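Before any comments, here is the structure.
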Amino acid sequence: MAQLEQADSNERRQQGPRGHQVGTIHELWRYPVKSMLGTTVNEILITEHGARGDRAWALRDEESGRIASAKKFPRLLEFRAMYEIEPTRDKPGRVWIETPDGQAIDPEDPDASRLISNILGHTLQLENQALEDEKTNIDRKTVFGDVPVSEMKPDWTPETMPDYFQLMKNSFFEIGPLFVLASGSVEHLLKLQGGTALIDRRRFRPNLFVDTTPEADRFVEDDWIGGTLAIGEILALDEFQPTLWCVTSTLAQEELPRDLSILRTTAKEHKGCLGVYASVRTPGIARVGDPVALLH
């Protein structure tokens, strides 16, 4: 990363502020194993393939051949994955997984998949090479909690909707390689819900969590659609897509309890969407504290 950092530094000196500032990077999150908890980092390289090291691993359901997720295996959120050795351009780094009972598992260990399968009560296989066409299993009856399917996807019914969600080509990502969430949107959703739920940014698994204080009177990311976000002096994101949420946002994790009202409120107030998926227009390093500016 040293060469990239030097190039980044040189360009910072050459360029001035970009656009209208809408916030700052408050947190950067990375999830080395799909659907497990991740960790925050102070800086990270972001390319067209997302944040380096994000969703590098996933669990394959050996029964269906599809990728497992918390949508169908909610106990995945009891595991945490992190890097012991950071990934680089040439090397994948080294991940370790903390199990619910505190064991440390190396996913490269031949016994790792069996240990995780035993905890979850289902045969799963750890993999770090995505196929061209990947799907993740869902349960039609529970994927949107207690929200009727038609409120989330008007053209779907419980009978006609697929029993899977399509993943991005050659990856373990869902719709986009990067998910960006504004603090103001989380605060706005909490107000609309009535303030009784523990609506926390961790439920939505952002890569970039943007502090947009004092904006808390609307869903802030709506303002970004059709524009470009400039982060620091190099990184630029565009092609924003509203993120349709599912039961994952309601599940228990750490001290946060299961709460179906979160998705219910999101569906009622914003068509089930919160935050945005983004494409990477210009790769670069994101750092906590970087200014975030909107360009149109």
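Side notes on the structure shown:
- Any hit, the stretch 201-208, residues being aliphatic (A, V, I, L, M), open to solvent by less than 60 Å² (accessible area, probe 1.4 Å) and farther than 28 Å from residue 232 by Cβ: no
- Residue check, residue 69 open to solvent by less than 30 Å² (accessible area, probe 1.4 Å), closer than 30 Å to residue 288 by Cα and of a type in the set (S, T, N, Q): yes
- Total residues in the stretch 100-143 satisfying the condition of being without any contact (Cβ under 8 Å) to a residue 40 or more places away in the chain, on the phi < 0 side of the Ramachandran plot and not polar (S, T, N, Q): the figure is 17.
- Those residues of the stretch 1-36 which are open to solvent by 40 Å² or more (accessible area, probe 1.4 Å), polar (S, T, N, Q) and either at pLDDT 95 or above or in a strand (DSSP E or B) (or both), in sequence order: 21, 24
- Among the residues of the stretch 266-290, those identified as of a type in the set (Val, Ile, Thr) and open to solvent by 10 Å² or more (accessible area, probe 1.4 Å) are 280, 282, 288.
- In the stretch 37-64, the residues that are open to solvent by 30 Å² or more (accessible area, probe 1.4 Å), in a loop (DSSP other than H, G, I, E, B) and acidic (Asp, Glu): 48, 62, 63
- Inspection of the stretch 253-265 finds no residue satisfying the criterion of being under 19 Å from residue 177 (Cβ atoms) and open to solvent by 10 Å² or more (accessible area, probe 1.4 Å).
- For the stretch 158-200, the candidate set comprises residues that are β-branched (Val, Ile, Thr) and under 17 Å from residue 245 (Cα atoms); within that set, the residue that is most open to solvent (accessible area, probe 1.4 Å) is 175.
- Among residues of the stretch 66-123, those that are part of a strand (DSSP E or B) and under 27 Å from residue 247 (Cβ atoms), counted: 8
- Hits in the stretch 144-165 (condition: touching a residue at least 60 places away in the same chain (Cβ under 8 Å), acidic (Asp, Glu) and part of a loop (DSSP other than H, G, I, E, B)): 146
- Residues (at positive phi and charged (D, E, K, R)) located in the stretch 219-257: 239, 254
- Flag for residue 292 being of a type in the set (Val, Ile, Thr) and more than 20 Å from residue 27 (Cβ to Cβ): no
- Residue in the stretch 115-135 that is under 30 Å from residue 42 (Cβ atoms), buried (at least 16 other Cβ atoms within 10 Å of the Cβ) and touching an Asp or Glu at 6+ places or on another chain (Cβ under 7 Å) present: no
- Residues satisfying the stated conditions in the stretch 217-231, i.e. open to solvent by less than 10 Å² (accessible area, probe 1.4 Å) and either out of contact with any helix residue (DSSP H, G or I) (no Cβ under 7 Å at 6 or more places or on another chain) or aliphatic (A, V, I, L, M) (or both): 220, 224, 227, 229, 230, 231
The values are calculated or read from the model by the stated rules, or taken from the named source; none is laboratory data. Quick caveat: nothing in here was measured; it's all calculated off a predicted structure. Virtual Cβ from ideal backbone geometry, glycine too; neighbours counted across all protein chains shown. For accessibility, only protein heavy atoms count, side chains too; no ligands or nucleic acids. Shrake-Rupley method; radii C 1.70, N 1.55, O 1.52, S 1.80 Å.
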